[in-house]
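Report on the structure given below.
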Amino acid sequence: MSKESFFAHRYTTQSMIVLFAILLFVVVYWVCGTIAVNAGTGWDGSIYLNYIERLARGEAIHGDPYRLMRMPGFGPLIGGAALGLSPTYFLTFQMLVNGLVVSMGLALFYSALMNIGCERKSALMSTALLMLTWPVLVMPVYYPILSDHAAIALSCTALWLWSKSLRVWLSGLCVLSVWVLPGLFLLPLVLLCFPFQHASKDEGCQSAKVLSVRIFAVSGVIAAALLLKHLLRFSVEKIAVHAVDKNGQTALTEWLPLTYVAAILCVLYVAWIYSRLIVDRSVWSALNIKWLCVSLVVLASTFVWVYLSFDWSVGFAGPPLTKFMTFQSLAAPFKPLVAHFYAFGPVIVLSLWSLYRWSIKRERNVPRALIVVLAAYLPFLLFGSESRQWIGVLPVSAAIFAMSGFSFGLRIWSVIYAALLITPLMFLQSNNAQALAQGLSYQSGEWQYYFGRQGPWMSASMYLSVAALLLVFVLVAMLIQRFSKQAVK
C-alpha cells in the first residue's frame, strides 16, 4: 500500500468511526432518552445550567468554587448562551456537542494508536472497547450536563497530541485539564514528561531485579502496616452508612476482615509496580527533564490561578477525598475494582493485567509513558470506587490494551463482554422514572440501573452480581489467553 493510499484509508476509517459513534448515540437516545431528574439535567447538571445562564447574563457567581472551576468544560454551551441561545435548547445543544466531541475523540484515539505503531485490528478493537463503555456511549446522551464528556474528549486528544509529539499543544491541555475535571491533569503531565518513543528495550539486569524485590519488600510491609492502621480507625457503623440512601445497603460489613485483606493486596500491588518503575532504566531514560520542568511550571501556575480565582473558604470546595476513598474501599472486598469494571468495562481489568505483565517483563510493546500514566492513577483506582473522578485513565487503559500482547481471541471476547455489560441501558429509563416517581432508595433495584455504575452508591446486591460477572470474564479471559499461547507453540 502506498503512503497516499495508507493515509486516505486511515482518514476514511476515522470518518467511519465518527459516523458510527454518532449513530450509536442516536440509538442510545432513542432507547433511553435523558435522565428523569430535573427534566434531563440531573442533580449537578441543573446547578451547572443555572450557572451557565447567569454567566451568559454577565452575573458573578460565588460560594461554589468546586463546580465553578469546572465550568470551562461547558465552554461551547456558555458561548452559545452568551450569543443568545434560549435556555429551552440548552440540553439539546449540549447533547449535540457531547456527541460531536466524543465521537471525534474516538477518531483521534484510533489515529493515536496507529501513530504509535499499533496493528490496525487491535486499534479497531480497542476503539470499539472504548466506545462500548458506560461513560462514552451512554452518559453523554443520558446525562448531558456533565464535564466528564469533555474530559473523555480531552484524554483522547492528549494521546493524539502525544503520538504526534505536539508538546506545546499538550502543555496547553495541561492548563485546560485542571479546569475541566480534578485529577485529569495527570494524563497530559506524564505524556509531556515522557515523549513518545517506540518500544523500549529491556534494560533490566539481575541486580536491578534484586533491588526492586528489596524495595518492594520494605515498602510493601510499611505501606500495608500504615494502611491497616488507617483503616482500623473507621467504625463499622460509619462504613455501613456511607453513600446510603433511605435505608439502602452499600457495604458488606460482615465481610470486613476479607475487605482488609483485599485492601492490603491492593497496596502491595501498587508497591510492586512502583518498585519496578523505580529500577527500570528504560523509564528513566525516557523521562525528558526539560519538559518535566516545563510541565511543573505550567501546572504550578495553573493551580495558583485556580486558587486565586475563587474564595475557597466559602461554599462547597470539594469532597474529603481521602476519607471518602477509605469508606469506598472498605465497603466490600475489591469494591473499587468491581465498580470500575461495571463503569469502564473489561478494559480497566485488562490494562491492570497488562501492567502486571509489564512488571514481570512479559509486556514489551507498551510505551513507557502509558505505563507511567496508569501507575500514577493506581492508588485512586484501587481505593476509590467513584469511577467518573478518574475517567481520564479510561482511554489510556484502552491504549495499553491495544499495544499489549494479548491474543486475538481475548480481544474478541473483551468486545463481546463489553457489549453485554452495556445492555441494561434498554431498561434504564423506565426503571429510573419509576424509582423517581415512587421515591425509592438509590440502592433499590430500579435506581441501580443508574447508580449501579456510580461506585459509592452501588448496592451490596449489585456488587455481588457484578463481582460474579467480573469473575466469569477473568476466568474465560485467562483460558483464552492460555490456549492461544499453546496454539502458537
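Some points to look at:
- Annotation: residue 17 fulfils all but one of (1) at pLDDT below 90; (2) open to solvent by less than 70 Å² (accessible area, probe 1.4 Å); (3) assigned to a helix (DSSP H, G or I); the unmet one is (1).
- Just one of the numbered conditions (1) surrounded by fewer than 22 Cβ atoms within 10 Å (Cβ to Cβ); (2) in a helix (DSSP H, G or I) is not true of residue 102: (1).
- Checked against the criterion of being open to solvent by 60 Å² or more (accessible area, probe 1.4 Å) and either among the charged types (D, E, K, R) or closer than 27 Å to residue 365 by Cα (or both), the candidates 473, 427, 408 yield just one match: 408.
- Residue 85 being crowded, with 19+ Cβ neighbours inside 10 Å and either more than 22 Å from residue 422 (Cβ to Cβ) or touching a helix residue (DSSP H, G or I) at 6+ places or on another chain (Cβ under 8 Å) (or both): no
- Of all the residues in segment 198-218, those that are modelled with pLDDT under 55 and among the polar types (S, T, N, Q) number 1.
- A single entry from 12, 34 fulfils the requirement of being among the polar types (S, T, N, Q) and in a helix (DSSP H, G or I): 12.
- Top-ranked residue in segment 37-59 [being touching a Ser or Thr at 6+ places or on another chain (Cβ under 9 Å) and in a loop (DSSP other than H, G, I, E, B); ranked as farthest from residue 85 (Cα to Cα)]: 42
- Failed condition for residue 467, given (1) part of a helix (DSSP H, G or I); (2) free of Cβ contacts under 8 Å to residues at least 60 places away in the same chain: (2)
- Residues within segment 434-446 that are open to solvent by less than 40 Å² (accessible area, probe 1.4 Å) and not in a loop (DSSP other than H, G, I, E, B), tallied: 1
- Checking each residue in segment 320-351 for being modelled with pLDDT under 90 and under 12 Å from residue 386 (Cα atoms) picks out only 321.
- Here the condition is being without any contact (Cβ under 8 Å) to a residue 12 or more places away in the chain, exposed (fewer than 12 other Cβ atoms within 10 Å of the Cβ), more than 30 Å from residue 113 (Cα to Cα) and among the charged types (D, E, K, R); of 246, 229, it holds for 229 alone.
- Any hit, segment 133-140, residues being open to solvent by 20 Å² or more (accessible area, probe 1.4 Å) and at pLDDT 90 or above: no
- Whenever a residue of segment 147-160 is open to solvent by less than 20 Å² (accessible area, probe 1.4 Å), its partners that are part of a loop (DSSP other than H, G, I, E, B), lying with C-beta atoms within less than 6 angstrom and at least six residues away or across chains, give the pairs 147/70; 147/181; 148/391; 151/181; 151/184; 151/391; 151/392; 155/392.
For every residue, the table says whether it meets (1) open to solvent by less than 10 Å² (accessible area, probe 1.4 Å); (2) more than 28 Å from residue 319 (Cα to Cα); (3) at pLDDT below 95; (4) in contact with a Cys (Cβ under 9 Å, 6 or more places away or on another chain).
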{"residue": "382", "(1), (2), (3), (4)": "no, no, no, yes"}
{"residue": "388", "(1), (2), (3), (4)": "no, no, yes, no"}
{"residue": "402", "(1), (2), (3), (4)": "yes, yes, no, yes"}
{"residue": "412", "(1), (2), (3), (4)": "no, yes, no, no"}
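- Residue that is in contact with a Leu (Cβ under 8 Å, 6 or more places away or on another chain) and on the phi < 0 side of the Ramachandran plot, where the choices are 96, 130, 124, 100: 130
- Taken over segment 445-489, residues that are out of contact with any helix residue (DSSP H, G or I) (no Cβ under 6 Å at 6 or more places or on another chain) and either small (Gly, Ala, Ser) or over 20 Å from residue 332 (Cα atoms) (or both) amount to 16.
- So residue 277, is it at pLDDT 95 or above and assigned to a helix (DSSP H, G or I): no
The values are calculated or read from the model by the stated rules, or taken from the named source; none is laboratory data. The structure displayed is predicted, hence computed values, not measured ones. Positions of Cβ are generated from backbone atoms using ideal geometry, with glycine treated the same way; all protein chains shown enter the neighbour counts. We work out accessible area using only protein heavy atoms, side chains counted, and drop any ligands, DNA or RNA first. Shrake-Rupley method; radii C 1.70, N 1.55, O 1.52, S 1.80 Å.
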